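What follows is a short report on a single structure.
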Amino acid sequence: MIGKNIKAILFDMDGVITDTDDLHYLVWQEILKEEGIELTEEMYINHLQSTSHKKALLSIFDDISEDDITRISNEKSKRSKALLQKEIKINQDAIDLIKYLHQNGYVLAVVSASSNAEFVIKEIKIEAYFDMIISGPGETSIRNKPFPDIYEYAMEKLGVTPSETVVIEDSVSGITAGLRSGAYVFGINRGNLHIEENKELKVVNDLHEVIEFFNQ
């Protein structure tokens, strides 16, 4: 159960702050078609959503070289960034929550598997609210979600403990990573989140509910 000594709130980006799933799905669909694979929505959700490019490609291809992983990953990042420069859909409830938490003195960070996270946060002009932005695992020793490494790394860098930390996620893998790190987790259901609540996890349909929680 969440305590009253919370100091830091760690945000996932895709699906929490921004609504970019449709964009990523279309880019992956285009790229994989060029590689001879027809991507379905089910495949996207099960293998590609909210995970690293490398892990995604290893789960899609039976046999793929490191060179091909690098080549396809770079192409995915390049095409995604080009589309993001044209339009980024923002979830207003997330912006309201970020501003509320910042005004009330909490330490805030973006902890995302996306290599474009820092670019996106700066593009939508909210970087000033965050004390740290982790844009992809970066260090090879950091395993991606659902492993807790990226959240443990963020807590270490921010100088906070799991009991002082709240994670906000929208995917099962991200929620799992947050719970495994020992933090309390809010799961935002944007329409396709299927997970049971427990004493360390509260599922909400709108992030304004998190503001209400902190106001209690």
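In table form, for the structure just shown:
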item	result
Rounded to the nearest 20 debye, dipole of the chain from Cβ charges on Lys, Arg, Asp, Glu	640 debye
DSSP bridge orientation in the chain - percent antiparallel, rounded to nearest 5	10 percent
FRET efficiency estimate (nearest 0.05) - Cβ-Cβ, residue 66 to residue 30, R0 25 angstrom	0.65
The range 174-216: trypsin sites (Lys or Arg not before Pro) falling in loop per DSSP and having at most 13 other Cβ within 10 Å	199
Aspartates and glutamates whose Cα lies under 20 Å from that of residue 157, excluding same-chain neighbours fewer than 8 positions away	12, 118, 127, 131, 139, 149, 169
Local net charge near residue 148, Cβ-Cβ under 14 Å (Lys/Arg +1, Asp/Glu -1)	-3
Charge context of residue 72, other residues only, Cβ under 10 angstrom, K/R +1, D/E -1	-2
Residue pairs, from the table 54/76; 99/199; 55/86, whose Cα atoms sit over 21 Å apart	99/199; 55/86
Label zone at residue 83 (point 7 Å along Cα-to-Cβ), backbone N below 19 Å, the range 100-118	113-118
Counted charge near residue 26, where neighbours are those whose Cβ lies closer than 12 Å (Asp, Glu -1; Lys, Arg +1)	-1
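Bear in mind these aren't lab numbers, they're just calculated from the coordinates by the rules spelled out. Not measured: the values here are computed from a predicted model. Note that each Cβ is placed from the backbone with ideal geometry, even for glycine, and that neighbours are counted across all protein chains shown.
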